[in-house]
Protein chains: 2
Amino acid sequence: MPSISEKGRKMPPSPIRKLVPFSEEAKRKGRIVYHLNIGQPDIPTPDVALNAIRNIDLKVIEYSHSAGNESYRCKLASYYQGIGINVGSGDIIVTTGGSEAILFAFMSCVNPDEEVITSEPFYANYNGFAVTAGINIVPVTSHIENDFALPPIEEIEKRITSRTRGIIICNPNNPTGYLYSEKELLLLKDIVKEHDLFLFSDEAYREFCYDGARHYSAMNLSGIEKNVILVDSVSKRYSECGVRIGALITRNREVISTAMKFAQARLSPPALGQIAGEASVDTPHEYFAEVNREYTARRNYMVDALNKIPGVYCPRPKGAFYTVARLPVDDSENFARWLLEEFEYKNQTVMVAPASGFYSTPGSGKNEVRIAYVLMIEDLKNAIETLAEALKAYPGKV
Amino acid sequence: MPSISEKGRKMPPSPIRKLVPFSEEAKRKGRIVYHLNIGQPDIPTPDVALNAIRNIDLKVIEYSHSAGNESYRCKLASYYQGIGINVGSGDIIVTTGGSEAILFAFMSCVNPDEEVITSEPFYANYNGFAVTAGINIVPVTSHIENDFALPPIEEIEKRITSRTRGIIICNPNNPTGYLYSEKELLLLKDIVKEHDLFLFSDEAYREFCYDGARHYSAMNLSGIEKNVILVDSVSKRYSECGVRIGALITRNREVISTAMKFAQARLSPPALGQIAGEASVDTPHEYFAEVNREYTARRNYMVDALNKIPGVYCPRPKGAFYTVARLPVDDSENFARWLLEEFEYKNQTVMVAPASGFYSTPGSGKNEVRIAYVLMIEDLKNAIETLAEALKAYPGKV
């Protein structure tokens, strides 16, 4: 029997999704399990999107253009123009989720064995796409004490070698919720320009900024227009993760024409998802206002409640719907497993994502967890109460 | 400005899709263009699939399980059992089109710089996925004189080196329409077993077998159960190319668990497409009978009409909906371009896919084209009449 590949062995398991078997274990025990581990929002998909799907008037569900339907790309361009990002439909390739946009960006811009720098903790699947592309993610550690702000620019520069091809940021950040400031982006611009790097900017959580904070897009950094590759997704913006529609956007025509070759090989992005995505651009403004109010309230509740638990520290992030909290535990992976396999409180337990899966420096994040506040406040309340009780009972408490 | 990657430069353009700009050129001239170049069937998607989409009862379009919805995998398993392929839902990973199944198979089973053998002409996008995975496709030439049958097994064995990890077949074949016999599959089994290779079997056109011929699946080769990776797709079976739903199926648990890590990194296959795919399993038998009658008639018309054109030779393939025909031209790429840019007959022209794009041996297939008979006979008639006139007028006729 032939054996699997080196890349297969190197491929990291998802730190979030590998918990699913434990979850099934928990369900078998008949307990309520609060999923704080996964970024699946409970926010309804906009009606305009659902109705577009229900009203499809197709006889044949055909391949679309490999770059996505022209009508959708035009509509997407108008969406970007509306938020101050000046691009045209020719600067956009519609992808199968933001995931594929990241993969196409890496495949098109980075050679095998070359490196892309990011701040850690970082979105764990960047590692998966890096293994697929045969490249390496080089981490620069950000710290909970600074709310996971951009590490000092000197720390980033120290990691730049002849093999460095780019920097990837996620803004607002998954897993930390940190929203990069204009000042931080301008610092990144300088080193990107000086070292002639690509700047991959994953802005899937752009719409999720709180406390009146404004999102500053890497696409608006002047002087590095050809260096910036925007990675985007409709998954979170319109709470339609399942449609698998994202986009790669850049003013670098060479990157567009190269990424198009990867796009052609996989023929087309999902046709039905594109219909949903195109209709979603017309989502009324009130939808976002309401979602923002809801997440702000959830974040405030969550952060306050976490910080009231003895030994817990949680920053108050300004974006996305995640936070990385420090817990008084020996090892958050053991703690997460124990929560599912051994613990219950009022017939409830909680799933959290151990933060170690979001670091690539070994040993980092061992007392941290990523928490997604994607549940109603009522549920969050029960979840946090359960978490507080669990921390009292956990044998590996420190 | 940083430059694109080596893989980006190596990535082959799609031999079918790169013609699209010419097509736009042709349209600008106001001509009718018959698309014989692309495998986009005009057959209606089954009503059960369209209705399932129209009746979606979701509030949130969520991520599915990374391996696909459990309900769909169970239904798929019953589909396979119904056609004599004995697999369970745990042997199946639902993918984003057959494309992703091929990529996951290559990534999971083949190391960078290792080789996979196939007969040429072959589905050109295998090259694209090979570049993505950093592996090499090694061709063994099949010949139009033998209807593109499996090359002599000694020819295949000659290509086996220490770097060979597998063989990929497409059965029925795209681009040739050739349907491999049980005898040919048993020959492949022997060398796969002897050299402990993976056998990747792309059976996306399984339902398209004519003249009463029976499809023999590689999954039913006994003694190499752990070597066979089935790649499948609903695109052609149910004429729903746009849903982007395929599957990787294998009884090799190590490959399943490795491919799952790639599947987790991209989160989930399309949710809406899975709803269509699951409903499609209930497509009534008469649908397939009618489709088979239609394609048989188209093939018969097409092959007969092509062979009546002086200097043209076209085999009568038993499967899929393609045929590779030999034309009396100097270079089919020039001919295809000339058809679009220079020619018209009764305000019509034709798009064909130059076969050279399906060969990797340089210079091969220069006087061959792939023709997809995915149009109604009425249109095929006009298309072939136009092609015949074009061959009279083409300056590079030989």
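At a glance:
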| read-out | value |
| --- | --- |
| Looking only at segment B:249-292, and only at residues there that are touching a Phe, Trp or Tyr at 6+ places or on another chain (Cβ under 9 Å) and more than 13 Å from chain A (Cβ to nearest Cβ), the one that is surrounded by the fewest Cβ atoms within 10 Å (Cβ to Cβ) | B:292 |
| Failed item, numbered, when residue B:239 is tested on (1) under 24 Å from residue B:65 (Cβ atoms); (2) at the interface with chain A (Cβ under 9 Å from one of its Cβ atoms) | (1) |
| Filter result for the condition that a residue is at the interface with another protein chain (Cβ under 8 Å from one of its Cβ atoms) and either aromatic (Phe, Trp, Tyr) or farther than 26 Å from residue B:63 by Cβ (or both), over B:227, B:220 | B:227 |
| Residue in segment A:378-395 that is surrounded by 16 or more Cβ atoms within 10 Å (Cβ to Cβ), within 16 Å of the chain's Cα centre (by Cα) and either in a helix (DSSP H, G or I) or on the phi < 0 side of the Ramachandran plot (or both) present | no |
| Verdict on residue B:104 being surrounded by 22 or more Cβ atoms within 10 Å (Cβ to Cβ), among the aromatic types (Phe, Trp, Tyr) and without any contact (Cβ under 8 Å) to a residue 60 or more places away in the chain | no |
| Conditions (1) of a type in the set (S, T, N, Q); (2) more than 13 Å from the chain's Cα centre (by Cα); (3) within 14 Å of chain A (Cβ to nearest Cβ): number failed by residue B:127 | (2) |
| Condition check for residue A:374: among the hydrophobic types (A, V, I, L, M, F, W, C), at pLDDT below 95 and out of contact with any Phe, Trp or Tyr (no Cβ under 7 Å at 6 or more places or on another chain) | no |
| Test: residue in segment B:187-198 that is closer than 30 Å to residue B:297 by Cβ and either away from chain A (no Cβ under 14 Å) or of a type in the set (A, V, I, L, M) (or both) | no |
| Residue in segment A:218-240 that is surrounded by fewer than 22 Cβ atoms within 10 Å (Cβ to Cβ), assigned by TED's automatic domain parsing to the domain that holds residue A:166 and of a type in the set (Phe, Trp, Tyr) present | no |
| Criterion violated by residue B:325 - all others in (1) closer than 21 Å to residue B:291 by Cα; (2) in contact with a Cys (Cβ under 6 Å, 6 or more places away or on another chain) satisfied | (1) |
| Scope segment A:33-73; condition outside any helix (DSSP H, G or I) and under 17 Å from residue A:237 (Cβ atoms); matching residues | A:39, A:40, A:41, A:42, A:43, A:44, A:45, A:46, A:68 |
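The values are calculated or read from the model by the stated rules, or taken from the named source; none is laboratory data. Everything numeric in this text was worked out from a predicted model, so none of it was measured. Please note: Cβ atoms are built from the backbone with ideal geometry, for glycine as well, and neighbour counts cover all protein chains shown.
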